Every structure is written in C-alpha cells, then in structure tokens.
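Below: one structure, written as structure tokens.
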Amino acid sequence: MDVQERLRNLADEAPTITAVPASLLPRARHRIARNVAVLAVGVTVIVLATITGIRALDRSGLSHHKVIPAAPNRVTAWFDAARGRIVVPAFSAQNSPELVAIDPAHRAQPAILTGKALLSGTAVAPLGFSRDGRRLLLHEGNLGDSKFVVLDSDGRTTSVPARHSAWFSAALSPDGSSVAAAGPDGIRVYPVAGGPPRLLPGTSNAISASWSPDGTKIAYGTRSSSRGWVLWVVNSDGSGRRVLVDLRGQFLTELGTPAWSPDGTRLAFAMTADCMHGCSSVSIVNADGTALRQLTRPGNSWSPAWSPDGSQIAILLNGGAATKNPDGSGLVTLTLPARSFPPVLIWNPSR
C-alpha cells in the first residue's frame with residue numbers, strides 16, 4: 001500500500017463533523033462571549049489583587065524587611081539588627097549568656113548575640129543603649145564579682161569601675177559618654193573614656209538612676225529607714241534636686257528604675273507592695289510630678305521601657321512580656337526566647 005492510498009483510507013475513517021445549524025449560531029456566539037468576559041474579569045481581579053498586595057507590603061515594609069536568622073550574630077550585625085527592638089538576656093543551649101533582640105512587631109526572627117562576641121560572665125544583663133544605638137551598657141556578673149561594661153558596635157568593651165553599685169543600678173548617658181551608677185553614698189557619674197567620677201551631692205541611698213533623653217537630668221529612687229521610698233529628679237550637674245513622687249507610707253518593698261519617655265515629658269516606673277502574692281505594678285507620672293496614674297493593675301509587672309516613638313511601653317509580666325499603650329489600652333503579648341531569664345528588658349531607642 002503506497003502512501004497516497006494510506007492517506008485516503010485515514011480520511012475515510014475520520015469522524016464526520018456535523019455542521020452547526022444556523023439557528024444555534026447566535027446562542028453559541030453569546031455563550032462564547034460570556035465565557036470570555038468572565039475570564040477577563042477573573043484575570044483583572046487577580047492582577048489588581050496582586051498589585052494591591054505588593055503596594056501593601058511596600059507600605060508596611062515587609063517586602064524590604066531583612067529577616068535575621070535566629071543564630072549567633074557578629075557584634076556589628078547584631079547592633080544593626082537590634083535597632084528599634086526590645087532586648088532581653090537569655091542563655092544558650094550551652095549555658096552561655098546571650099542577648100536577644102526581639103522585633104516587637106514579630107516580622108523577623110530574633111537576633112542573638114552570644115559566646116565570645118559577648119562577654120565571659122556567668123550572667124549578662126542589658127541596662128541601656130546610647131541614643132544612636134551604637135553603644136550598650138551591660139552588667140556582667142560572676143560568682144562573687146560583678147562589673148559594668150560598655151559594649152560598642154565594633155566589638156570594643158570598656159569596663160566601668162562602679163563596684164560600689166548593686167545590680168541594675170546604672171545608666172548610660174544618651175550620648176554614650178558617661179555612666180551614672182547608684183549606690184549607698186549617692187550617684188556617681190563615670191566618664192566612659194576614663195577619669196575620676198563625680199558624686200552628685202544629696203543623692204545618698206540611691207537605688208537606681210536614669211538619664212533624661214536630652215542628658216540634662218537624672219531620675220533616681222531612694223530608700224531610707226527615716227524617709228521610706230522617694231522618686232527624685234536632679235540635674236546632671238548635681239543641682240536642682242527635687243521630689244518627683246513621694247511614696248512614703250505606701251508599704252512598698254521595691255521601687256524600680258524609672259524610664260523616661262522619648263520626649264522627656266513622662267516617666268514610667270514599677271513598684272512592689274508588701275503583699276503575699278506579688279503586687280508589683282507599673283505607674284506613669286509627668287516629668288513635673290503631676291498626673292500620677294497606674295498603667296497596670298497590681299500583680300506581677302515591672303521593668304517598663306518606652307518604644308522609640310513613645311507610642312508603647314514594654315513591660316515584663318509574670319512568665320512573659322507585653323507592650324501596652326501609655327493610656328493602658330492595647331495589651332500585646334511578646335514571644336520571649338525559651339531560655340530567657342528577663343529580670344530587665346530595654347528598648348533600643350534608635351530606629
């Protein structure tokens with residue numbers, strides 16, 4: 001059988017296509033047009049949704065947000081990742097001290113600084129950043145010994161010889177040049193670059209210290225057998241000391257370190273009442289001592305820290321942490337590292 005004959009046989013076996021009656025043509029055309037229109041609308045919706053989603057991501061910053069892996073970072077990379085974040089102390093799986101920078105918006109994994117990149121103490125607590133976020137004051141504790149250390153973003157460390165102070169009772173000035181350390185004889189201001197400290201007169205029995213955002217004032221708490229608990233403000237040169245909040249007669253067992261709002265108009269502080277089940281709460285007061293009010297109910301909340309824009313306050317809770325608006329609304333729970341032990345948290349003021 002030649003090729004032409006085979007082609008003729010295949011043509012004879014092919015199914016016959018019946019012509020569409022003329023009466024059905026308008027209906028067929030209408031159905032085709034309707035299907036094409038539906039398809040076009042669907043494609044348009046998908047395209048618009050995609051464009052809208054991309055624009056939304058662009059506005060929120062998510063599309064440009066660099067996710068920092070939850071693994072040890074070099075010092076400079078960690079400082080970069082920690083901008084605008086909440087920092088808490090923790091331990092690694094090998095029981096090395098860590099600093100964990102948490103994104104309060106939960107858009108990125110925590111950034112962790114650990115091991116030799118950090119310090120060699122058995123425990124490390126962050127006490128505060130400089131205003132630009134490139135310098136961090138730490139309390140390093142070892143068995144029978146403790147010290148304050150300034151860690152720079154390039155990895156350099158500087159020890160501050162404030163050994164008369166107790167835990168968590170020192171603060172880094174906004175420009176990063178000085179450390180104010182509280183102690184029984186008062187507040188001493190140590191130059192980070194070296195040199196003798198200055199003792200601020202009239203600040204004896206100081207238990208805390210906190211610089212105002214402009215560096216011109218220091219808020220601090222005192223406790224004495226005769227006066228009880230008092231919150232004070234003094235100019236950084238030692239002048240102009242005045243009572244901010246008089247808490248005598250409040251039956252308190254602890255007064256936490258005050259935290260200034262970024263604009264310097266308000267302070268938040270924790271205080272613990274003498275009760276059986278833990279009655280610590282956080283309060284806010286204006287910088288002139290007026291409008292004292294509670295941020296949290298008595299329970300277990302302490303260590304307030306303001307967000308860089310002043311719109312939120314981070315607090316430690318019994319077994320966790322959260323943020324709240326300064327008016328007390330908008331409680332949002334934060335996810336802490338599994339091996340964290342946060343007696344204190346801080347919020348990096350740089351953005």
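Read the figures in this text as sums done on the coordinates, not as results from a lab. Since we're looking at a predicted model, the values are computed, not measured. Neighbour counts run over all protein chains shown; Cβ positions are idealised from the backbone, glycine included.
Going 7 Å from the Cα of R198 toward and past its Cβ, which residues in segment 233-275 have a backbone nitrogen under 15 Å from where you end up? So the set is 234-241.
Taken over the C-alpha atoms, segment 182-341 has Rg and Dmax values of 16.0, 46 angstrom. For F91, the residues whose amide H sits under 5 Å from its own are E98, R339, S340, F341, ignoring neighbours fewer than 5 places away on the same chain, with H placed 1.01 Å from N. Residues whose amide H comes within less than 5 Å of that of R266, counting only those at least five positions distant or on another chain, are S261, A287 (H built at 1.01 Å from N in the peptide plane). Looking at the calculated P(r) for segment 68-347, what percent of the C-alpha pair distances fall above 27 Å? Here the long-distance tail beyond 27 Å is 35 percent of all Cα pairs in segment 68-347.
Whole-Hz Karplus values for segment 319-330 come out as x, x, 8, 7, 10, 9, 6, x, 8, x, 8, x Hz, taken residue by residue from phi with 6.51 cos²θ - 1.76 cosθ + 1.60 and θ = phi - 60°; glycine and proline positions read x.
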